[in-house]
Amino acid sequence: MVDPKYLESGEFYQRRYRNFPTLIIVPIFLLVVFSILFSLFTKREIVVKASGEIIPAKVLSDIQSTSNNAIDSNQLAENKVVKKGDTLVTFTNSNEKISAQLLNQQINKLNDRLQSLNTYKQSIVNGRSEFCGTDQFGYNSLFNGYIAQVDTLTSEFNQQSSDKQTADQQANHQIDVLKQGRSKNNQQLSNYQAILTSIKNNTKPTNNPYQPIYDNYAAQLKSAQTTDEKEQVKQTALSNVQQQIDQLETTSSSYDSQIAGISKSGPLSKSSTLDKITGLKQQQLASVQKEINDQQQSLDELKAKLSSVNEDYQDTVIKSPEDGILHLATDKTKIKYVPKGTTIAQIYPKLTQQTALNVEYYVSAGNIIGLKQGQAIRFVANQNVTKPLILNGKIKTISSAPITSKEGSFYKLVADINATPTEREQIKYGINGRITTIKGTKTWFNYYKDILLGENN
């Protein structure tokens, strides 16, 4: 049998330690102790959360507005597949087209003028017309005028040559006549001198037309009786013959003087005329070359203007420079005017299993401390599906300075992401999602302590 006093003692202790307050406090105390110990030894991840979107690792090209004109046709659309050369945007271009037409007409006319000028120049160089038919600019007529001047100079020289030839012929005729007279006079002089010699020597001349003079002298000499008479006859005969000789010598001298007095001009040189023709030719060539240079300068200026107009005209059409996928910078599909130089779209590479992908997101300046390149990130796509798209990656770049906006200051981060072939089939450019970046770990005790102290986690 149990001693009743023991039963009373057990009942006492049972009532003392098995009351309701004891059953509540002890478990709570143990739970608190366990929680403190758990918080001291277990750690939690410190993460930064942000929103971002999937972008390619490399943008193939930026599409910028090339004109301030009104948009005529807009073929831009988000995620549209385009090929190189596809027309994306066209602007109104009526002014550029009219200007280009006018400039082309002026350039064609200047080219025709330059061609005619070069033909004119070649005609002057060759000395004959190289024109085929009538020249619309009148250069053929100018060349004919030049040739007329050359012909005039040549005709003047030919006339001078003809006049000189006529004068020389007249002079030669006069000289021949005088020479004939002088020759006849000299023959008479020679005959008289032979008669004079015959009288002096009392020898009968032979074959002399003036032999009767000697015969008359011989007859008078024969009829003279005395020596003085004979001498007188001889001296008289000699005096008469000598007078004839003196007259003939005077006449001969007169002939010589007249022949010497007839002068002929020297040889007529053509070099002077050729120099004049050469000078005229050089003058014409210089004038033509100056006009060619002026027209060429005008042509170059027109070509420069046309090039500028063509650039403006080409700028009125934006074509895709690459094969890829369009991404609109903003919704500009309904805007009529876009300032020149404004980026309106980008061309992303086509999505394949090898396409490198990035996630772009922004972190506030207050949460940037502790983030560094190489840290792991997790991207969870904002999709209404039973199994969300979850991608892992690493931070690739962090901007060196924050970007200020109305919401505050934010740093731009870009992270590489990895995806399996199955996941890549679900990926589209521009998919938004939540990004979690693990900055580090901290015990739960320190975590709550920092919260109580107001420090950032």
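The values are calculated or read from the model by the stated rules, or taken from the named source; none is laboratory data. What you see is a predicted model; the values in this text were computed from it and never measured. Cβ coordinates were reconstructed from backbone atoms using ideal geometry, including for glycine residues, and neighbour counts include every protein chain displayed. Protein only, heavy atoms only, side chains kept; ligands, DNA and RNA dropped before computing areas. Shrake-Rupley method; radii C 1.70, N 1.55, O 1.52, S 1.80 Å.
Between LYS204, LYS164, which is under 30 Å from ILE259 (Cα atoms) and among the basic types (Lys, Arg)?
After ruling out the rest, the residue left standing is LYS164.
Take the residues in region 208-233 that are part of a loop (DSSP other than H, G, I, E, B) and over 23 Å from THR251 (Cβ atoms), then tell me which one is least open to solvent (accessible area, probe 1.4 Å).
For region 208-233, the residue satisfying everything is ALA224.
Could you tell me which of the residues GLY374, GLY341 is within 45 Å of the chain's Cα centre (by Cα) and at positive phi?
When all the criteria are applied, what remains is GLY341.
Out of the residues in region 126-151 that are open to solvent by 70 Å² or more (accessible area, probe 1.4 Å) and part of a helix (DSSP H, G or I), state the one that is nearest to ASP294 (Cα to Cα).
If we take residues in region 126-151 being open to solvent by 70 Å² or more (accessible area, probe 1.4 Å) and part of a helix (DSSP H, G or I), then LEU142 is nearest to ASP294 (Cα to Cα).
Do the conditions hold for GLN284, that is, is it surrounded by 12 or more Cβ atoms within 10 Å (Cβ to Cβ) and in contact with a helix residue (DSSP H, G or I) (Cβ under 7 Å, 6 or more places away or on another chain)?
yes
Which pairs do you get when a residue that is over 13 Å from SER287 (Cα atoms), found in region 116-138, comes within reach of a residue that is part of a loop (DSSP other than H, G, I, E, B), reach meaning Cβ atoms under 6 angstrom, with the pair 6+ apart or on two chains?
Taking only residues 6 or more apart or on different chains, the pairs are SER116/ASP135; SER116/PHE137; THR119/GLU130; THR119/PHE131; GLN122/GLU130; SER123/SER129; SER123/GLU130.
So, in region 162-197, of the ones that are free of Cβ contacts under 8 Å to residues at least 24 places away in the same chain and closer than 30 Å to TYR214 by Cα, which residue ends up surrounded by the most Cβ atoms within 10 Å (Cβ to Cβ)?
ASN191
Output the number of residues of region 400-416 satisfying the condition of being farther than 12 Å from GLY52 by Cα and either touching a residue at least 24 places away in the same chain (Cβ under 8 Å) or outside any strand (DSSP E or B) (or both).
Going through region 400-416 one residue at a time, the tally reaches 11.
Do we have ALA356 as open to solvent by less than 40 Å² (accessible area, probe 1.4 Å) and under 44 Å from the mean Cα position of the chain (by Cα) here?
When the stated conditions are applied, ALA356 does not pass them.
Among the residues of region 380-395, is any closer than 30 Å to ILE318 by Cβ, open to solvent by less than 80 Å² (accessible area, probe 1.4 Å), assigned to a strand (DSSP E or B) and in contact with a Pro (Cβ under 8 Å, 6 or more places away or on another chain)?
Checked against the condition, which is being closer than 30 Å to ILE318 by Cβ, open to solvent by less than 80 Å² (accessible area, probe 1.4 Å), assigned to a strand (DSSP E or B) and in contact with a Pro (Cβ under 8 Å, 6 or more places away or on another chain), region 380-395 yields no hits at all.
Please go through region 305-314 and give me each residue that is at pLDDT 65 or above, open to solvent by less than 90 Å² (accessible area, probe 1.4 Å) and not hydrophobic (A, V, I, L, M, F, W, C), ordered by number.
SER307, SER308, ASN310
Can you name the number of the only condition in (1) modelled with pLDDT under 80; (2) surrounded by fewer than 18 Cβ atoms within 10 Å (Cβ to Cβ) that ILE71 fails?
With (1) modelled with pLDDT under 80; (2) surrounded by fewer than 18 Cβ atoms within 10 Å (Cβ to Cβ) applied to ILE71, the lone miss is (2).
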